[in-house]
Amino acid sequence: MAATFDGCCADYVGACAVLIKQERGLNIWPDIQTGNVTEEVEELLTKYQYTRELYDWLNPFPYAASTLHKIADNYADIIYITARPLSTKDITNKWLELHGFPSARVINVRGSKIPAVTRERVDIFIEDRLMYAVPLAEEGLKVILLNLYEIDYTECTFPDSIRIVTNWEEVRNVVVEGFWEIE
C-alpha cells in the first residue's frame, strides 16, 4: 500500500495559505474553497509548497497517522510516494516521525508515480489529486481518492477501482473493514 504525502497526510494547502497570508497579506481560502484558484494563487502555492518554513505550519489531517498505523500493523506495508523534490526527503521524514506516522520509505518521483508503484508492487494507493488517481487506476491499482477539500467530482467519470472518500476515517473503512481485499 502506498500513500502520497502532500495532500493526503498533511494540509499543505492550509499551511501555504497561512504563509501567504503572513507574508503577502492575501487570503486565498475563499478561492480554494470555491475552486476558483487563480493563476496567481496557483503560483503562490507552488512557491511555498517546498519551503522549510512550510513544515512549521504543516498539520497532519485527523486520523491519518493512526489509520496508517492500523494498516501497517495489520494489513500491508506502507510506502510514501510523493512528487515533492528529492531535496525535501529529510525534512519529510522528520515531519512524519514528529507527527507519529508509521516509519516507512519515502520515495520522491518526478512526473508519473506509475514507475515507482510498479517497481514497489503497490496494490492500493491513497491519492488526493485526480490527475494522479485516474492513471493509477487505469494501470490496475485500487485507488482511494482522498477528497479532503470536497472538490465537486459529480461531472467526472472514474474507473471502478477508484473509491472517493472525504476523510481518514473513511479510508480506514475502505481498507480495514474489508471493502477491498489487500492482496
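The values are calculated or read from the model by the stated rules, or taken from the named source; none is laboratory data. All of these numbers come straight from a predicted model, not from anything done at the bench. A quick note on method: Cβ atoms are made from the backbone with ideal geometry, for glycine too, and the neighbour counts reach across all protein chains shown.
Remarks
- Residues in the stretch 108-157 that are closer than 23 Å to THR92 by Cα and over 16 Å from the mean Cα position of the chain (by Cα): PRO115, THR118, ARG119, GLU120, ARG121.
- Residues within the stretch 135-151 that are of a type in the set (Val, Ile, Thr) and assigned to a loop (DSSP other than H, G, I, E, B), tallied: 1
- Taking the criterion of being assigned to a helix (DSSP H, G or I), among the hydroxyl-bearing types (Ser, Thr, Tyr) and touching an Asp or Glu at 6+ places or on another chain (Cβ under 8 Å), the only residue of the stretch 29-78 that qualifies is THR67.
- Number of the exception - GLY111 against (1) closer than 22 Å to LEU148 by Cα; (2) in the same structural domain as GLY140 (by TED's automatic domain parsing): (1)
- The stretch 141-175, residues that are of a type in the set (A, V, I, L, M), over 19 Å from TYR75 (Cα atoms) and touching a residue at least 40 places away in the same chain (Cβ under 8 Å): LEU146, LEU148, ILE151
- Taking the stretch 82-106 as the range and being among the basic types (Lys, Arg) and either at pLDDT 90 or above or farther than 19 Å from ALA116 by Cβ (or both) as the test, the residues that pass are LYS94, ARG105.
- Residue in the stretch 54-63 that is without any contact (Cβ under 8 Å) to a residue 60 or more places away in the chain, closer than 23 Å to VAL175 by Cα and not small (Gly, Ala, Ser) present: yes
- Test: TYR55 is at pLDDT below 90, in contact with a helix residue (DSSP H, G or I) (Cβ under 6 Å, 6 or more places away or on another chain) and of a type in the set (Phe, Trp, Tyr): yes
- From the list GLU97, GLU138, the lone residue that is more than 17 Å from ASP77 (Cβ to Cβ) and surrounded by 13 or more Cβ atoms within 10 Å (Cβ to Cβ) is GLU138.
Yes/no matrix, rows are residues, columns are (1) out of contact with any strand residue (DSSP E or B) (no Cβ under 9 Å at 6 or more places or on another chain); (2) in the same structural domain as SER66 (by TED's automatic domain parsing); (3) not in a strand (DSSP E or B):
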| residue | (1), (2), (3) |
| --- | --- |
| ILE81 | no, yes, no |
| THR92 | no, yes, yes |
| GLU97 | yes, yes, yes |
| ILE107 | no, yes, no |
| PRO115 | yes, yes, yes |
| ALA133 | no, yes, yes |
| TYR153 | no, yes, yes |
| CYS156 | yes, yes, yes |
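- Against the test of being modelled with pLDDT under 85 and within 17 Å of the chain's Cα centre (by Cα), the options TYR63, TYR48 yield a single qualifying residue, TYR48.
- The lone exception for HIS69 - which of (1) touching a helix residue (DSSP H, G or I) at 6+ places or on another chain (Cβ under 8 Å); (2) surrounded by 14 or more Cβ atoms within 10 Å (Cβ to Cβ) it fails: (1)
- Search result, residues across the stretch 67-103 that are in contact (Cβ under 8 Å) with a residue 12 or more places away in the chain and of a type in the set (Ser, Thr, Tyr): THR67, TYR75, TYR80, THR82, SER87, THR88, THR92
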